[in-house]
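Only one structure is covered here, and it is reproduced in the block below.
Just so it is clear, none of the values below were taken in a lab; they were calculated from the coordinates. Note that the structure is predicted; figures quoted are calculated from it, not measured. We place every Cβ from the backbone using ideal geometry, glycine too, and count neighbours over all the protein chains shown.
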Amino acid sequence: MAKVAFTDSQRFVNVGKCLCLGRNYPAHAKEMNAEIPENPVVFIKPSTAVIGSGSRVIIPPFSRELHHEVEMVVVIGKDGKDIPREKAYEHVAGYAVGLDMTLRDVQAEAKKKGLPWSVAKGFDTSAPVSAIMDKRFVRDPHALELSLKVNGVLRQRSSTANMIFRVEYIVSYLSSIFTLEAGDLIFTGTPEGVGPVVPGDQMQASLESVGTLTVGVERSPITVQRM
């Protein structure tokens, strides 16, 4: 079972499901030639996708195009169903910075055929996550600089102020569909600037007041293709 520690290293969560939002930043929707959604675009990653800082994202043999997407992650600390917006933060344990690693070629093919994105988004190692900062030390989750560097070069930089859907709405909305459980991770969407990474690259994601996440990239040594 995947575990993510708090920054004080005295506590950790057993990761449940990863609930992820697409197109939650207008500029990213534009760069993907997609409409700004009226309701959150939601997909799921399994807990087996989660890795920690210092780990490596493994490109599976059936893909040739891995893209980075840096995101603020909301960590659920208390179970809940049909949570009212005004009570949303009672269910939040803290925040982390994460990467929604995406097999863009696999996703593009799935979109073309009208198929789900599960393989493109949920493969093993596709959800790197930093240590968790307790919510008590994050004054406003909607006023944080979010950035990503690849090999020291800035690729993405924005503010969580630019999110279309705020944390309280996201928690309430998702809990109307899925029961939220302690240990669930909510990836809140990526800003503009997504792009490819290749084996040997080093990524450093940062979220103001929360922390940093550093992961490498390598290709799977397995050469057998899926049927």
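Listing for the model above:
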{"read-out": "Residues Ser9, Ser126 arranged by fewest to most Cβ contacts within 10 Å", "value": "Ser9, Ser126"}
{"read-out": "Neighbour-count ranking [beta-carbon atoms within 10 angstrom, fewest first] of Met203, Met32, Met72", "value": "Met32, Met203, Met72"}
{"read-out": "Between the range 82-103 and the range 184-199, the alpha-carbon center distance in angstrom", "value": "16"}
{"read-out": "Highest-fluctuation residue, Asp140, Asp100, Asp184 considered, GNM on the chain with Cα pairs under 10 Å", "value": "Asp140"}
{"read-out": "Fully extended contour minus Cα-Cα distance, from Leu154 to His142, at 0.36 nm per residue", "value": "2.2 nm"}
{"read-out": "Sequence-distant lysines (8 or more away, or on other chains) whose Cα lies within less than 28 Å of Lys135", "value": "Lys3, Lys17, Lys45, Lys78, Lys81, Lys87, Lys121, Lys149"}
{"read-out": "Simple Cβ-charge dipole of the chain, Lys/Arg +1 and Asp/Glu -1, about Cα centre, in debye nearest 20", "value": "360"}
{"read-out": "Sites Phe178 and Ser209 - FRET efficiency at Förster radius 30 Å, r taken between beta-carbons, to 0.05", "value": "0.60"}
{"read-out": "Dipole of the chain, positive end: most advanced residue of Ala5, Leu21, Ser126 [Cβ charges, Cα centre]", "value": "Ser126"}
{"read-out": "Residue of Arg166, Arg139, Arg23 that the Gaussian network model of the chain assigns the largest fluctuation, springs spanning Cα pairs under 10 Å", "value": "Arg139"}
{"read-out": "Dipole of the range 27-115 [Lys/Arg +1, Asp/Glu -1 at C-beta], most positive-end residue of Leu103, His68, Pro84", "value": "Leu103"}
{"read-out": "Computed [θ] at 222 nm, deg cm²/dmol, the chain (DSSP H ≥ 4; -39,500 (n - 2.57); rounded to nearest 500)", "value": "-3500 deg cm²/dmol"}
{"read-out": "Anisotropy class of the range 3-219 from Cα gyration tensor, a/c 1.5 cut", "value": "rounded"}
{"read-out": "For the range 1-77, size of Cβ-based charge dipole, Lys and Arg +1, Asp and Glu -1, in debye", "value": "340"}
{"read-out": "Sorted by Cβ density within 10 Å, fewest first, the residues Tyr89, Tyr173", "value": "Tyr89, Tyr173"}
